1. Which whole-number value in Å³ per residue fits the convex hull of the alpha carbons of the chain?
2. At GLU239 and ASN320, where each label point lies 7 Å from the Cα along Cα→Cβ, what is the point-to-point distance in nanometres?
3. Over the range 88-195, what percent of the accessible surface lies on carbon and sulfur atoms, probe 1.4 Å?
4. What FRET efficiency do you get for ASN199 and PHE129 if R0 is 25 Å and r is their Cβ-Cβ distance, rounded to the nearest 0.05?
5. Put a dot 7 Å past each Cα toward the Cβ at ILE63 and VAL232; how far apart are the dots in nm?
6. Can you list the residues, at least 5 places off or on another chain, whose amide H is less than 5 Å from the amide H of ILE115, using H built in the peptide plane?
7. Of the heavy-atom accessible surface of the range 295-336 (probe 1.4 angstrom), what whole percent is carbon and sulfur?
8. For the chain, what proportion of DSSP beta bridges, expressed in % and rounded to the nearest 5, is antiparallel?
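The values are calculated or read from the model by the stated rules, or taken from the named source; none is laboratory data. Just so we're clear, the structure is a prediction, and the values are computed from it rather than from any experiment. Because the Cβ atoms are built from the backbone with ideal geometry, glycine has one as well, and the counts that use them run over all protein chains shown. SASA here: full protein model, heavy atoms, side chains in, ligands and nucleic acids out. Shrake-Rupley method; radii C 1.70, N 1.55, O 1.52, S 1.80 Å.
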Amino acid sequence: MENVVVIIPAYKPDDKLLFTLKDLLDIGFKDIIVVNDGSGPEFDKIFDKVKEIYGCTLLHHEINKGKGAALKTAIGFVLENRSNCAGVVTADADGQHLTKDILRTSEKMKESEKIVLGVRDFSSSNVPFRSKLGNLITIGVFRIFLGTKISDTQTGLRAFPINILPEIIKIDGERYEYETNILVFMSKNKIPFEEVKINTVYIDENNSSHFHVVKDSIRIYSLIIKYIFSSVIASIVDETAFFVFQNIFYTVTSIFLIPTTFISAILARLISSLVNFFINARVVFHGVANKKTIARYYILVICQVLVSAALVFTTEYIFNIKSPLLSTFTKIIIDIILFFFSFRIQHKWVFNEN
């Protein structure tokens with residue numbers, strides 16, 4: 001393990017950090033980076049031991065910037081000073097990652113030359129309810145929206161080959177959302193990864209965690225929240241524009257033999273889709289709004305409209321639906337299902353420059 005760098009972000013740690021460092025050195029790791037993420041002067045004694053007794057590289061943030069920022073600081077240091085290493089393995093400072101699991105995750109990364117996630121067993125009885133529920137929700141979100149199956153989306157034990165670090169350091173996020181954004185990046189770019197089963201350790205019901213349930217959850221799910229917000233805005237624009245055009249064409253039955261209702265719907269969808277495209281490009285997926293992405297987006301829009309219409313028609317035929325209310329309800333259900341597929345396609349294809 002001499003050519004694998006261990007990265008440990010630490011905020012207000014206790015002696016469990018020192019026990020972890022001792023075990024890592026005993027098991028064969030030689031290069032350990034600890035980031036003091038603005039813990040304050042009252043924790044200087046612990047960090048002095050980190051550097052003087054255990055010989056670790058100690059990096060500092062003057063103020064608390066968050067776990068993501070601490071990881072980026074360490075990764076930047078590795079890229080500048082350890083470019084010949086095999087890769088890095090990230091671990092938490094609270095003693096919840098056993099050194100034997102850190103070793104196994106690192107060995108798997110060196111063997112496979114892929115990203116390796118150390119995944120816990122959440123069916124275990126010692127897992128706190130909030131951790132079990134949080135991971136279950138995130139697993140479901142990743143499976144539904146991204147089509148990616150990950151057994152432990154909240155694990156901090158991860159090993160990265162050196163060649164992926166220049167991409168990892170550019171990913172958005174300064175706090176806990178950074179780790180989630182890494183998984184989103186891996187899904188978007190189809191980066192292969194492997195999982196290693198690790199021991200499930202929770203100390204004092206995980207009360208030492210600095211995870212803020214509301215603030216950090218909003219950050220973690222920000223991509224999904226922004227996508228839903230964009231879709232709601234587009235729907236409001238669509239319905240409003242349809243109402244306006246219907247009023248404009250109120251006294252006209254048809255234009256060029258085309259019903260005005262049909263024309264109003266097309267014009268409304270054109271306006272709302274443009275609004276949706278630019279919000280998704282600039283705010284949701286942070287992609288580039290150019291001819292290529294616009295073409296991809298409207299290919300998706302056309303296909304989605306055709307698939308929706310075909311499925312509604314097929315459902316009406318199979319179940320002999322004659323009621324406009326039931327037809328509308330059927331369309332709503334179908335469009336909700338297509339909503340999730342649309343997210344995947346926009347994320348992985350429409351706004352993916354790769």
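1. Here the figure is 171 Å³ per residue.
2. Those two pseudo-labels are separated by 3.3 nm.
3. Ligands and nucleic acids excluded, carbon and sulfur reach 53 percent.
4. 0.80
5. If labels sit at VAL232 and ILE63, their model points lie 3.1 nm apart.
6. Correct list: GLU194.
7. Carbon and sulfur atoms account for 79 percent of the accessible area of the range 295-336.
8. On the way: 8 of 28 bridges.
Given both bridge residues lie in the chain, the antiparallel proportion sits at roughly 30 percent.
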